[in-house]
Structures are given as C-alpha cells and as structure tokens.
Amino acid sequence: MTRPIDELLRQAGVPSLGSNNGTLSGGEMAIARIVSALRADWDRLDGQQQRALITALEASTQATEEAEAFVLNQLKKH
C-alpha cells in the first residue's frame, strides 16, 4: 500500500509554503515550487521512476553537503 506524498512530506518536516507569497526567500520559493510539483505528479510515477529521481537527488545532496563542509572547514582555518 502506498502513502500519499503529502503525508510523507509533512512527516519529514518539509514546509508547506504557497509559491505566490512575495515574502519568501530564494530557498523558500524553491521549496514551494518543488513541493507543488511533487504534490501534483509524484503519485503518478511508478516505483522505478521515483527511485531514479531519488537516486539523482541523493547524489546531488551529497555533493552539496560535501561542498558546504569544505567551505565551512576552510572558514574555520582562517
């Protein structure tokens, strides 16, 4: 049995922001647009399609975290 993406996003603490809000930061606006797209289409994908997206997102997230850690490490040295 599958669980709706709305429920999973809520449980993961992903904020539910309206993308029409002019006060959102760049990151908040990105989250709002991504969450909107996920709500509209995620449950239409099959498991293989979802897994391919998750694999790509995980690799991207890991690279971002490594880059952030490198920069923070460099800042601590100075």
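Rule-based calculations on the coordinates, nothing more; no lab input. Treat the numbers as computed from the prediction; the structure is a model and nothing was measured. Cβ coordinates were reconstructed from backbone atoms using ideal geometry, including for glycine residues, and neighbour counts include every protein chain displayed.
Below are the figures for this structure:
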| quantity | calculated |
| --- | --- |
| Centroid-to-centroid separation of region 32-78 and region 12-26 [C-alpha atoms, Å] | 17 |
| Shape category assigned to the chain from the gyration tensor of Cα positions, a/c cut at 1.5 | oblate |
| Helix-only mean residue ellipticity at 222 nm for the chain, each DSSP H run of n ≥ 4 adding -39500 (n - 2.57), per residue, nearest 500 | -23500 deg cm²/dmol |
| Segments 52-61, 30-39 sorted - mean Cβ within 10 Å per residue, highest first | 30-39, 52-61 |
